[in-house]
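Asker: Handing you a structure now.
Values quoted throughout were computed directly from the atomic coordinates according to the rules given, and no laboratory measurement underlies them. These figures come from a predicted structure and were not determined experimentally. Here the Cβ positions follow ideal geometry from the backbone for every residue, glycine too, while neighbour counts run over all protein chains shown.
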Amino acid sequence: EFVFLIGPSGSGKSTFMRLLLAEESPTSGEVQVSKFHVNKLSGRHIPKLRQVIGCVFQDFRLLQQKTAFENVAFALEVIGKQSDVIKKVVPEVLEMVGLSGKANRLPTEMSGGEQQRVAIARAFVNR
């Protein structure tokens, strides 16, 4: 399932996403994503929450010192996936977004569109 969050500048899109991803706490009320009560979540459970949400930000939030492969793999590493799984799945997802030949490139060596596809692959890899 894909959901696109759009709206005018200042309407709360970024705040909403920070709440969903447990990057920020609500001033009132509750935030629930799937089975997770986000505002009651301990720090060690946040990676599990983020496993059910794939998010592509406007600035992509790529790790500049990591290759396309490593950026996508990082999403699996933080949730404890085994290296053999990572080595199998990451190339498949990079191929799906048309970047199989660019796995060893750093973000600075890719176009904006290619960087966006790395971010999409990273968001999708947990599915």
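Asker: In terms of modelled amide H atoms, which long-range or inter-chain residues lie less than 5 Å from the amide H of Val33?
Answerer: Val38
Asker: Over the C-alpha atoms of the range 68-124, what are the Rg and the largest Cα-to-Cα span, Dmax, in Å?
Answerer: 10.4, 30
Asker: For helix 68-77, what angle does its Cα long axis make with the longest principal axis of the chain, in degrees from 0 to 90 and rounded to 10?
Answerer: Roughly 50 degrees, rounded to the nearest 10.
Asker: Length gain on complete extension for the stretch Ser28 to Arg61, per 0.36 nm per residue less the alpha carbon to alpha carbon distance?
Answerer: 9.1 nm
Asker: Here are a few candidate values for Cα extents along the principal axes in Å: (1) 47, 36, 27; (2) 67, 30, 19; (3) 41, 37, 21. Which one was actually calculated from the structure I just gave you?
Answerer: (1)
Asker: Using 7 Å Cα-to-Cβ label points, what is the Leu5/Lys40 separation (nm, one decimal)?
Answerer: Here the modelled spin labels are 2.2 nm apart.
Asker: Next question, about the same structure. What does the charge count near Asp84 come to, summing +1 for each Lys or Arg and -1 for each Asp or Glu among other residues with Cβ under 14 Å from its Cβ?
Answerer: On the way: positive: Lys81, Lys87, Lys88; negative: Glu77, Glu92.
Combined, the nearby Lys, Arg, Asp and Glu give +1.
Asker: Can you give the extra length, in nm with one decimal, that the chain gains between Met17 and Ile53 once fully stretched, where that is 0.36 nm per residue apart less the Cα-Cα distance? Don't skip to the answer; put the middle values down first.
Answerer: On the way: separation 36, 0.36 × 36 = 12.96 nm, distance 1.01 nm.
Extra length from Met17 to Ile53 when fully extended: 12.0 nm.
Asker: In nm, give the distance between the simple-model label positions of Val85 and Arg105, each being 7 Å from the Cα along the Cα-to-Cβ direction.
Answerer: My value for the distance between the label points is 2.9 nm.
Asker: Nothing charged except the Cβ atoms of Lys and Arg (+1) and of Asp and Glu (-1): what's the magnitude of the dipole of the range 68-124 about its Cα centre? Round to the nearest 20 debye.
Answerer: Here the range 68-124 has a charge dipole of around 40 debye.
Asker: Could you tell me the distance between the Cα centroids of the range 30-46 and the range 53-115, to the nearest Å?
Answerer: Between the Cα centre of the range 30-46 and that of the range 53-115, the gap is 26 Å.
Asker: Assuming a strict under-23 Å limit between Cα atoms, what lysine pair count do you get for the chain once near-sequence pairs (fewer than 8 apart, same chain) are dropped?
Answerer: Going through the chain pair by pair, I get 17.
Asker: Just add up the charged neighbours of Glu95: K/R +1, D/E -1, any other residue whose Cβ is under 13 Å from the Cβ of Glu95.
Answerer: Cβ neighbours under 13 Å give a net charge of +2.
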